[in-house]
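Just so it is clear, none of the values below were taken in a lab; they were calculated from the coordinates. Keep in mind it's a predicted model, so treat the numbers as computed, not measured. Cβ sites come from the backbone with ideal geometry, for glycine too, and all protein chains shown count toward neighbours.
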Amino acid sequence: MTMNNKELIDLLRQSQHLDHDGYKQLLTSLTKEDEDYLYKNACAVREEVYGKDVYLRGLIEFSNYCKNNCFYCGIRKDNLKAERYRLTPGDIVACAEKGYQLGFRTVVLQSGEDMWFSDEMICEIVKAIKALHPDMAITLSIGEKEKDSYRKYFEAGAERYLLRQETSNPEHYRQLHPKELSIAHRKQCLQDLKDIGYQVGCGIMVGTPGQTYDHIIEDLIYMKDFNPHMVGIGPFIPHADTPFKDEPRGTLEDTLHLLGIIRLMLPHCLLPATTALGTIDPLGREKGLLAGANVVMPNLSPRGVRSKYMLYDGKICTGEEAAECHACMERRIKRTGYEVVEARGDYR
Ligand code: SAH
């Protein structure tokens, strides 16, 4: 007995999971009408949990030094053309302060894996921001660390951590990363973070070289099982100074389908409409919100360094000031019928 796509979407909404074949059908055969039905259901579920709220996270890209060599990433160690920078702890705290004044109640501190920042420095930065603004949530996105380090950051006051698994399939993982890196370790880090008590975000790039729909389904099944608080989903976009420079980017359609499916699969998750989505389509982030996303992460980095944190080509918002990005996002979100709220936006 086969189901049509609308029946499958109903079933996903009811039972919050499908089997492999169900996901495969949704990922590969949605008509325009089915898409509308998926997004309508995703938005209904998102509104049941979070109402019309959209949460903003101010992204501070504090260093583009990285010891790793991920094949897709523009700030990989072997990209000698990348002009390296790091903000000082004082700059980072000042940036967070500016974010607070603009109305952000979450900052995300993101960087390459830059060993110049010791655990103690990260803790000092977190504590300094918390001392200024106890009501501000701090999210870290600084890669794979020892469990002990994760624990120290948590004790200093960081409550959330973003670490995309990138792909759950071990062979595919090896196609995207040098051999020093493994999916087993990445997943161990995610588990450690959860065990410590962080709100944890995992996620994938859509359309990376070698990725098949079966790989994406493996990711869905992993995420259903891991039950993260946040899920970062964005299209892969090639960077000219990486081994993947000639590879095609991920598509808007696949990314939006996934956002809708993930919203139905994990109704409570915090789901950003990512900058990468906004890069492949001028209205990508708005479309993401209308497919089930409920978070946007405007750039808070100082203008002078923005164009240096180039993970992929064409990244948007590299010429603006923080205040402009905040105002622009507010305008854009209002037009979707959703509403920016000045709140930490914790997992419900
Ligand atoms: N060092 C941190 C932060 C990485 S940058 C970490 O390891 O988690 C944040 C995310 O950007 C990555 O997890 C990856 O999914 C995404 N990214 C990197 N290169 C990209 C590209 N070429 N296209 C789209 N997204 C990319």
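When the Cα positions of 242, 85, 72 are compared along the charge dipole of the chain, 85 comes out farthest toward the positive end, with charges on each C-beta of Lys, Arg, Asp and Glu. One decimal place: the segment residue 303-residue 25 gains 95.7 nm when fully extended, by the rule 0.36 nm per residue minus the C-alpha distance.
List the trypsin sites (Lys or Arg not before Pro) within the stretch 160-222 that fall in a DSSP loop (any state other than H, G, I, E or B) and whose Cβ has at most 16 other Cβ atoms within 10 Å.
Passing both the DSSP loop test and the Cβ count: 179.
Applying a DSSP loop filter and a limit of 15 other Cβ atoms within 10 Å to the GluC sites (Glu not before Pro) in the stretch 165-259 leaves 180.
Placing dummy labels 7 Å off each Cα toward the beta-carbon, the span from residue 11 to residue 155 is 4.9 nm. Cross-link partners for residue 32 among the lysines, with Cα-Cα distance under 19 Å and sequence neighbours closer than 8 places in the same chain left out: 6, 24, 40, 287. Relative to the longest principal axis of the Cα atoms of the chain, helix 20-29 runs at roughly 90 degrees.
For the pairs 81/145; 245/308; 67/308, flag any whose C-alpha to C-alpha distance is greater than 21 Å. Display every interim value, and only then the final one.
Numbers: 81/145 27 Å; 245/308 18 Å; 67/308 16 Å.
Result: 81/145 exceed 21 Å.
Segment residue 135..residue 175, full-extension length gain: 10.2 nm, with 0.36 nm per residue of separation and the alpha-carbon distance subtracted. Local charge for residue 48 was computed over the other residues whose Cβ lies under 15 Å away, with Lys and Arg +1 and Asp and Glu -1, and equals +4. Centre-to-centre, using Cα atoms only, the stretch 115-189 and the stretch 230-279 are separated by 20 Å.
Taking the Cα centre as origin and putting +1 on Lys and Arg beta-carbons and -1 on Asp and Glu beta-carbons, what dipole magnitude results for the chain, to the nearest 20 debye? Don't jump to the answer; show the numbers that get you there.
Working: 45 positive and 51 negative charges, 117 e Å.
The calculation lands at about 560 debye.
Over the chain, dividing the summed -39,500 (n - 2.57) contributions of all DSSP H runs of at least 4 residues by the number of residues returns a 222 nm mean residue ellipticity of -14000 deg cm²/dmol.
Which lysines, on any chain, are close to residue 127 with Cα under 18 Å apart, when same-chain ones fewer than 8 places away are left out? Cross-link targets: 98, 152.
Which values of log₁₀ I(q)/I(0), to two decimal places, follow from the Debye formula for the stretch 219-293 at q = 0.15, 0.22 Å⁻¹ with a uniform point scatterer at every Cα? Debye intensities relative to I(0), on a log10 scale: -0.52, -0.93. The loop-placed trypsin sites (Lys or Arg not before Pro) in the stretch 196-285, going by DSSP, that have at most 15 neighbouring Cβ atoms within 10 Å of their Cβ come out as 245.
State, to one decimal in nm², a quarter of the convex hull surface area for the C-alpha atoms of the chain, i.e. the direction-averaged projected area. Write out the running numbers ahead of the final one.
Numbers: hull surface 63.2 nm².
One quarter of the hull surface, i.e. the mean projection, equals 15.8 nm².
At full extension, residue 320 and residue 3 could sit 109.3 nm farther apart than now, given 0.36 nm per residue minus the alpha carbon distance.
Here the chain carries DSSP beta bridges of which approximately 5% are antiparallel, counting only pairs with both residues inside. Taking a point 7 Å out from the Cα of residue 214 in the direction of its Cβ, the residues of the stretch 148-174 whose backbone N falls within less than 19 Å of it are 167-174. Note on residue 191 and residue 101: the model spin-label points, each 7 Å out from Cα along the C-beta direction, lie 4.6 nm apart.
How much of the DSSP beta bridge set in the stretch 58-160 is antiparallel, as a percent to the nearest 5?
Working: 1 of 12 bridges.
Percent antiparallel among DSSP bridges in the stretch 58-160 is about 10.
On a 0 to 90 degree scale, rounded to 10, what angle separates helix 119-132 from the longest Cα axis of the chain? On a 0 to 90 degree scale, this one is about 90.
When each of 297, 115 is scored by the number of other beta-carbon atoms lying within 10 Å, the sequence from fewest to most is 115, 297.
For the chain, 43, 66, 95, 123, 189, 202, 269, 317, 325, 328 stand unpaired, since no other cysteine beta carbon lies under 4.7 Å from theirs.
Specify the residue with the greatest mean-square fluctuation among 112, 314, 74, computed from a Gaussian network of the chain linking alpha-carbon atoms under 10 Å apart. The residue that fluctuates most here is 314. Helix 183-196 and the longest principal axis of the Cα set of the chain meet at an angle near 80°.
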